[in-house]
Amino acid sequence: MSWKRKHPEPASIETEEERYFLNPDSVSSHLYCSICQDVFSDPQRAPCGHSFCKKCILPWLKHSKTCPEDRKTLHIGQLHHDFILENIIGDQMVACPFRRSGCEFIGQLQRLNSHKKSCDFNPKNLPEFIKKNTPVENAAEKSIGITSDLEVIPSPGKPSLMMRLFRAGDDQKKLLGTMFEDKENKM
């Protein structure tokens, strides 16, 4: 009786992080996925040494059981996270995806997720009264995307008066919240 080793499948693909590289020309060509032709996102390394974005290689392996580069046999369970590539890419400087709404954050890609969780311009962080009364949410949604070499980093947009008051401090946040709650209760 022969036993075949079953390779476990990696976890499902997570939502891709938005990235605005400050200087796309400074990103080495070795940091690009050969499938999507973009900077690696959640890089996965095959035993043959080739790396690919997780979002690219998983669908590829559902239709073909070979490495896209050298056509050697490859199974999903043989892939492993390429933390070295991820660390190198994580050192690249990026701008916040909510820049058009007014965010001025510029920092390393590895700090972007942490920043977005507390970014005042992230629609997920805004109270309902701001979302209803200002176009910030729409501007932020339009600014999301991955840059290519042809795109230019947007200049920070000028926040609305309501957003500027909201960002002024905790006392102003409470006052604005109270004003709009009273307004909605009277209607």
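To keep it simple, each residue is scored yes or no on (1) open to solvent by less than 80 Å² (accessible area, probe 1.4 Å); (2) without any contact (Cβ under 8 Å) to a residue 24 or more places away in the chain; (3) touching a Gly at 6+ places or on another chain (Cβ under 7 Å).
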position	(1), (2), (3)
LEU22	yes, no, no
PRO47	no, no, no
LYS55	yes, no, no
GLU69	no, no, no
ILE76	yes, no, no
ILE84	no, yes, no
ILE89	yes, no, no
PHE98	yes, no, no
GLY102	yes, no, yes
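Hey, can you tell me all the residues within the range 127-136 that are part of a loop (DSSP other than H, G, I, E, B) and either without any contact (Cβ under 8 Å) to a residue 12 or more places away in the chain or open to solvent by 70 Å² or more (accessible area, probe 1.4 Å) (or both)?
In the first step, residues of the range 127-136 are kept if they are part of a loop (DSSP other than H, G, I, E, B); the result is 127, 134-135.
PRO135, the sole residue that qualifies.
Could you tell me which of the residues SER51, SER64 is open to solvent by less than 60 Å² (accessible area, probe 1.4 Å), among the hydroxyl-bearing types (Ser, Thr, Tyr), free of Cβ contacts under 8 Å to residues at least 12 places away in the same chain and touching a Leu at 6+ places or on another chain (Cβ under 9 Å)? Outline the logic, then answer.
On the way: SER51 fails: free of Cβ contacts under 8 Å to residues at least 12 places away in the same chain.
Step by step, each of SER51, SER64 is checked, and only SER64 is open to solvent by less than 60 Å² (accessible area, probe 1.4 Å), among the hydroxyl-bearing types (Ser, Thr, Tyr), free of Cβ contacts under 8 Å to residues at least 12 places away in the same chain and touching a Leu at 6+ places or on another chain (Cβ under 9 Å).
The values are calculated or read from the model by the stated rules, or taken from the named source; none is laboratory data. Because the structure is a prediction, the values reported are computed rather than measured. When we count neighbours, we look across all protein chains shown, and the Cβ atoms used for this are built from the backbone with ideal geometry, even at glycine. SASA here: full protein model, heavy atoms, side chains in, ligands and nucleic acids out. Shrake-Rupley method; radii C 1.70, N 1.55, O 1.52, S 1.80 Å.
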